[in-house]
Every structure is written in C-alpha cells, then in structure tokens.
1. Restrict the check to the stretch 620-631 and report whether at least one residue is of a type outside the set (Val, Ile, Thr), in contact with a Phe, Trp or Tyr (Cβ under 9 Å, 6 or more places away or on another chain) and at pLDDT 95 or above.
2. Picking from ALA509, ALA467, ALA461, which residue would you name as being free of Cβ contacts under 8 Å to residues at least 60 places away in the same chain and among the hydrophobic types (A, V, I, L, M, F, W, C)?
3. All but one of (1) crowded, with 17+ Cβ neighbours inside 10 Å; (2) in contact (Cβ under 8 Å) with a residue 60 or more places away in the chain; (3) within 28 Å of CYS292 (Cβ to Cβ) hold for MET515; state the number of the condition that does not hold.
4. Would the stretch 622-643 turn up any residue that is closer than 29 Å to LYS514 by Cα, without any contact (Cβ under 8 Å) to a residue 60 or more places away in the chain, in the same structural domain as PHE553 (by the TED database) and assigned to a helix (DSSP H, G or I)?
5. Could you tell me whether any residue of the stretch 450-464 is modelled with pLDDT of 95 or more and in contact with a Gly (Cβ under 8 Å, 6 or more places away or on another chain)?
6. Of all residues in the stretch 387-408, how many are over 27 Å from ALA717 (Cβ atoms) and open to solvent by 10 Å² or more (accessible area, probe 1.4 Å)?
7. Kindly list, by first and then second residue, each pair from a residue in the stretch 202-216 that is basic (Lys, Arg) to a residue that is at pLDDT 95 or above and crowded, with 16+ Cβ neighbours inside 10 Å, limited to pairs with Cβ atoms under 6 Å and residues at least 6 apart or on different chains.
8. Would a scan of the stretch 539-557 turn up a residue that is in a loop (DSSP other than H, G, I, E, B), under 26 Å from GLY264 (Cα atoms) and in contact (Cβ under 8 Å) with a residue 24 or more places away in the chain?
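The values are calculated or read from the model by the stated rules, or taken from the named source; none is laboratory data. Computed from a predicted model, the values in this text were never measured in an experiment. Note: ideal-geometry Cβ built from the backbone for every residue, glycine included; neighbour counts use all protein chains shown. Each accessible area value is taken on the protein alone, full model and side chains, heavy atoms only, with ligands, DNA and RNA left out. Shrake-Rupley method; radii C 1.70, N 1.55, O 1.52, S 1.80 Å.
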Amino acid sequence: MFHVVQYRPLRLITQHSLSSRCLKLMLSRPVAFTQIWKSWFSSHSLVGKKNIVLMGPPGAGKTTVGRIVGQKLDCPVIDIDDDVLETTWNMSVAEKLQEVGNEQFLEEEGKALLNFSASGSVISLTGSNPMHAAGMQHMKKIGIVVYLDVPSTVIMSRLESMKVDHVVGQSPGISLKDILQFRKQFYKRWYDIRVLCGGDTSEVVAEKVLDALKRYQNSELETFISTRSSRSVRSMEKDSGKYFSDVVTEGLAPDGGLFVPERGLPKFTAGEWQSLIEATYVDRAQVILERCIHPADIPASKLAEIIGTAYGENFTCSRVAPVRHLAGNQFLLELFHGPTASFKDFALQMVPHIFAYCIPRSCNYLVLVATSGDTGSAVLDGFSRLHDADKQRIAVMNFFPEDGVSPIQKSQMLGCQKENAWSVGVKSDFDFCQTAIKQIFINSDYTGFLTVEYGTALSAANSINWARLLPQIVYHASAYLDLVHQDIIPFGSPVDVCIPTGNFGNILAALYAKMMGIPIRKCICASNENNVLTDFIRTGVYDLRGRKLIHTFSPAVDILKSSNLERYLHLLANEDGQWVAQLYNQLENQGHFQLQKNLLEKLQQALVAGWCSEKDCLAAIHSVYSTTGYILDTHTAVAKVVADRLQDRTCPIIISSTAHYSKFAPAILRALRIAEINQNPLSQLHLLSSYSPLPPVHWGLLETLKKRGNEDHQVCAADTSVMMSHIETLIQNHFM
C-alpha cells in the first residue's frame with residue numbers, strides 16, 4: 001500500500017530541516033506547500049516513497065524502460081497491463097476490450113487505476129490510461145509522472161514492426177496515426193517530467209529518465225549568478241544563489257550586473273532536436289523552455305498554460321514565427337505576427353504571465369522598462385493582458401526617448417496605455433533611459449523606501465531580465481528546424497544568421513541556441529550608422545568617447561550601450577565576473593575598454609559584423625520590393641544589406657525580420673517613392689493600405705491607432721531624480 005506522509009506544521013520547520021529555497025517558495029506560494037514538502041521528503045533517495053510513473057503512447061517502450069529503471073534503483077516494477085488489469089479482470093486486455101468495447105474499456109481501466117496503490121515502485125502505464133482523468137489524478141498523487149515523448153513517426157514504425165494496427169479508442173475510419181495524435185493532448189496534461197526519446201535505445205532512455213528525475217528532485221543545482229560576481233565571493237557565500245523565480249522578479253543583480261545561469265544552458269542531443277522537426281512552434285517552445293526553467297519555479301502544466309496563452313490567438317500566423325524564402329540562399333524569419341508587430345512580442349506575451357506567477361502575493365510590483373521603440377508597446381500590451389487581480393498588484397512604467405522613436409511607434413505606445421500600464425517620454429535618448437533605470441535599481445535607499453513606504457518593489461522588463469531572452473532562443477531554434485522540415489537542409493548542416501542588433505539580446509539568443517546544439521555557423525551582427533558594435537567585433541575596442549547617437553530610420557537599434565553584450569563577455573571570459581566588473585567600470589568612468597587578443601579571436605570565431613547607411617537601407621527596401629514584391633521594414637533592410645556583404649553563400653542564411661514594415665511608414669513611403677508623406681501616423685497607414693500592390697499593413701497596429709487610446713502622457717527631463725519622482729507618483733496613484 002502507498003504510505004501517506006504526515007506533514008509537520010509549518011511552525012516546526014526550521015532552516016536545519018528544510019532548505020531556504022523551499023521555505024521561500026512555501027511562503028510565496030502556499031498552495032504549492034504540499035508538493036514542495038513531498039519533494040524535499042524524498043530527496044535523500046531518488047524515489048523514496050514516491051512512485052515513478054512512466055507514461056507514453058503504445059510502442060514508447062514504457063515496460064522495457066521501466067524494468068531497466070527498476071533494476072538500477074533496486075525497486076519493484078509494476079506493469080499496469082500485465083500486473084494490474086489482467087489480474088483484476090482475470091482475462092487478457094484484448095479479451096476485455098472485445099467484451100466491453102472502446103468506451104467502456106477506458107472506464108473499466110480507469111476504475112482499476114483508482115483502486116491501485118503502491119509505494120516506491122516503477123509503474124508502467126498503458127497507452128490509454130491518461131485518457132481517464134480520475135485515474136490519472138490518483139496516479140499523480142502517488143507518483144512522479146514521466147512522459148516518454150517519442151515522435152509519431154518512430155511510434156508508427158515500431159507498431160508496424162510489432163504488427164499492431166489497432167489501439168484502444170480507435171474507431172472505424174480513424175487511422176492509427178490520427179488516434180496517436182489525438183492522444184497527445186492527454187499525455188501533455190498529466191506529466192511532471194518530459195523525456196525526449198527519439199530513436200534512442202531503451203538503455204539510453206532509462207538513463208535519461210534517471211537524469212530527469214535527479215533534476216526534478218534537486219532545484220538547488222539550477223542557480224543564477226551575476227555577470228559581475230567573483231568566484232571567490234561565490235564560494236564564500238554558499239547560500240547566495242538565485243533561482244529562476246528570483247531573477248525574474250529582481251530583474252537586475254544588486255551589483256549592477258546581469259543574471260546568468262551558473263551552470264550554463266541545457267544541451268540537446270542531435271536526436272532530441274530531430275524529434276522536434278515535426279512539432280508545432282508551441283510544442284517546440286514547451287520542450288525548450290521546460291529544460292531552461294526548473295519545475296520548482298514553474299511546473300510543466302503551468303508553463304504549458306502560459307505558452308498557450310502567449311502564442312494562441314494573439315498571433316495571426318498559425319506557425320507563429322514562419323520562415324519565408326526571400327531569394328537565393330536567403331530566408332526571412334518573420335517575427336512580426338504578434339499584437340504589436342515586432343519580435344518583442346515573443347517574449348513580452350509570455351513574460352508578464354511568468355512574472356505574475358513567480359512574484360510573492362504579499363507585495364505590489366512596478367515594472368520599469370526603457371525602450372528604443374518596439375519594447376514599449378510590447379510591454380504595455382503584454383502586461384495589460386494579465387488577469388484583473390494581477391493587474392491590481394502589477395503596474396508598468398515605460399520610459400522612451402520623446403523625440404527618438406518613429407511617430408507610429410509613439411502613437412502605438414500611447415495607444416497601448418491601460419489602467420496598469422503607462423508611458424513617460426524622456427528628453428534624451430535610449431541609452432540615457434536604460435542607464436537611468438539601472439541606476440534606480442541599484443539605489444538601495446530609494447528601492448528600500450518604496451518597499452517600506454508603499455509596499456512596492458521594482459522589477460525590469462527589458463532584455464536585462466533573463467526571462468526576456470528565453471523565448472527568443474526558441475524562435476532561432478525553430479527557424480533552423482523549419483528549414484530541415486522544408487527539406488532545405490538535412491539536420492546537422494550549418495546555417496548563418498543575420499540579426500539587426502542594438503541591445504545585443506536577439507543575437508545573444510541566437511548564440512545561446514547554438515550553444516544548446518542548433519548548428520549555427522556564424523552570427524552576423526548588423527548595425528545602422530550607430531555602429532559601435534561593428535567596430536567592437538572587428539577590433540575588440542568598445543569606444544564611446546566622442547560618439548553621439550544618430551537618429552536613423554531603424555530606431556530600435558539606435559543604441560550605443562548594448563546591455564546584453566555583458567552576458568556574452570562573461571561567457572567568453574569563462575565566467576570571470578571580476579574581470580567583467582572591471583571592464584564595465586572602465587566603460588562607465590573612461591568611456592571605453594578593449595579585449596585581450598585571445599578573447600577577441602574567440603569572439604570572432606562566432607561573430608562577424610557590418611553596418612548599413614541610411615541611403616543603403618532605403619535602397620534595399622526599394623530593390624527587394626521591385627524584384628520580389630516583399631517589403632522589408634527598415635531594421636530588416638539593415639540586416640539584408642549587411643548579409644549581402646558578409647555572407648559567403650556556402651550555406652543558407654536566416655535574416656531576422658524583426659518588425660512589420662508598416663511601423664515605419666514614412667521611411668517605407670520614401671523608399672518606395674509613393675507619395676508625399678503626411679505626418680499623421682494613422683494617415684500614413686491609410687496611405688499604405690490604399691496602395692493596392694503592397695502587402696496589407698499590420699492588423700494590430702492599425703487597430704491600436706484607430707482606437708487612439710489614452711494619448712496623454714508625461715514628459716520629463718533627462719534627470720534620474722525626476723524619473724524617480726514620476727515612479728513614486730505612479731505608485732501612489734495605482735497602488736494606494
């Protein structure tokens with residue numbers, strides 16, 4: 001029989017009996033207390049009194065894998081088919097199915113599960129068990145459910161070799177392939193842990209199961225550190241590690257650095273990537289993010305809910321991030337099908353829901369963001385879609401350069417203002433806005449005052465927040481898998497990527513995808529006339545002395561201080577945080593720094609860079625439209641120009657199309673030499689719409705500008721103290 005664990009009252013739990021990690025999670029999420037305590041209780045052994053419950057389609061190898069896992073753990077092995085159903089019914093499963101029929105069989109099978117009890121065993125479910133809700137709820141109570149996720153093509157091949165042509169629930173006229181696809185929704189509903197199997201042997205799958213269980217039981221291994229923390233300090237402060245939920249909530253590290261995973265990102269095998277070739281974008285996102293976010297922070301079921309909400313009806317293209325052939329060996333990764341028409345939607349339709357789940361219920365949060373154009377509207381839109389209860393405790397303040405964004409971007413930001421989301425124009429540039437927010441975060445007197453006086457903490461939604469980067473890794477990986485799926489390349493063949501780059505977040509996500517096993521050869525960093533990154537990648541010298549920001553047709557990359565570069569330099573220097581801190585102190589105080597020769601050579605193995613003039617940007621838009629009928633936005637045009645110059649045409653190149661062309665109507669109208677440009681943003685969009693040869697303008701953009709929204713906004717001087725005053729006023733108005 002399964003033994004019920006008697007839980008001690010919370011007041012008896014001390015730091016000696018329970019880790020500070022569990023204590024923190026229990027206090028912030030009381031509803032999860034039971035699950036966390038059970039996990040701690042069984043951490044002294046891999047299983048303890050919990051069962052390991054293997055789930056998957058027929059042909060997934062559950063029985064064989066279960067026997068191997070049981071042998072390695074020296075614990076009982078139970079096969080539901082052989083040891084439970086046939087014993088209970090006193091007849092074979094096939095005979096029972098023939099006797100009662102499909103529908104009644106599932107009910108009888110579920111009843112048998114409900115009456116089943118075990119402890120400390122490895123249990124192999126039938127392929128149809130997950131279709132009975134009550135039975136599976138019982139199994140989740142007594143065990144950790146492990147989903148053996150095997151591609152349908154592999155399952156079909158195995159079943160064919162086993163001469164299986166019919167499974168439970170299959171009706172006349174419904175193919176085996178269709179019923180297997182139908183069942184996936186039930187497998188996805190119940191698992192705690194997913195194991196990607198591909199065509200792996202049973203022994204390899206068993207090892208993967210054991211590795212996944214160890215990870216599930218031990219969240220202490222997945223901590224985050226600051227890019228500026230030294231190894232010596234970390235070794236002295238053994239309990240100083242931050243967890244995913246911490247870094248999402250805090251945004252910026254206390255020492256001014258950026259959070260990164262202490263043990264790096266997870267690696268996928270070639271077989272695991274190949275198992276995702278047939279998968280949808282949402283399924284790919286689920287698999288990749290499960291590996292990057294520990295279930296103690298966000299369980300798989302909650303993560304699935306968040307991903308489904310983010311990439312559901314909010315995106316107009318069913319493929320979410322489609323890859324389109326442009327010409328020759330060039331392909332466009334279209335990242336503008338979200339509600340605010342830019343690549344920022346991929347993270348910012350997800351991050352607000354992640355944030356709302358991770359933060360403690362006892363505190364209000366004000367999320368600060370600095371934008372060079374696209375981030376602002378994406379943040380405002382994303383946080384405005386939270387549930388009403390979450391909007392009461394989470395507000396957003398967006399700072400943007402008052403005269404440094406396109407007229408349509410500005411109207412869009414103001415149109416996206418809601419009861420919990422506001423914009424403030426700053427009489428300066430993006431670099432000032434971003435630097436000011438960082439200074440506010442590390443001002444402990446000010447942040448402490450907000451917490452004590454108003455019960456409000458600050459967080460960040462810029463790509464300095466680690467959670468912003470993870471969804472971007474997904475679309476770079478997905479783009480490669482799409483090329484394989486379309487038979488453009490076989491898996492393993494390399495591609496180059498070219499990305500218009502300002503704050504270095506998007507291209508960093510591509511570098512991370514490469515580290516996780518996607519065969520990206522070169523990442524091409526494309527700049528406009530603010531080409532500080534081009535100079536740095538070519539020479540190793542990051543020099544801001546004498547540079548002034550130039551306002552261009554591609555404002556989202558009008559940036560001189562690229563925040564996420566710090567994360568890559570930390571990686572490049574083998575996580576030497578002390579060196580990174582010295583580098584950025586020098587940049588702050590002297591306006592420049594230089595890489596050592598060996599680090600520059602290492603950087604140049606992964607990155608190449610080029611830049612594009614304003615004239616060439618407009619010419620590229622005109623040329624591509626004239627030859628293909630496709631309209632590039634200004635940022636994609638920058639990347640196209642740089643890709644033409646730097647690619648060697650020995651492999652495909654994926655150009656990130658980071659925004660919809662209609663966000664930059666004046667530049668597009670000018671490039672296409674259509675008509676005199678009206679300064680009214682809505683008029684500009686109507687002019688584009690009326691020109692029938694052009695592809696349609698972005699639906700979400702047009703709707704936002706039609707509504708006009710609340711276009712009142714505050715404008716403040718380029719003064720951090722003035723920005724702090726605006727922050728305090730918003731807190732008083734929203735939370736008090």
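1. No, that holds for no residue.
2. The conditions single out ALA509.
3. (1)
4. No, that holds for no residue.
5. no
6. Residues meeting the conditions: 7.
7. Filtered contacts from the stretch 202-216: LYS208/VAL195.
8. Yes, that holds for at least one residue.
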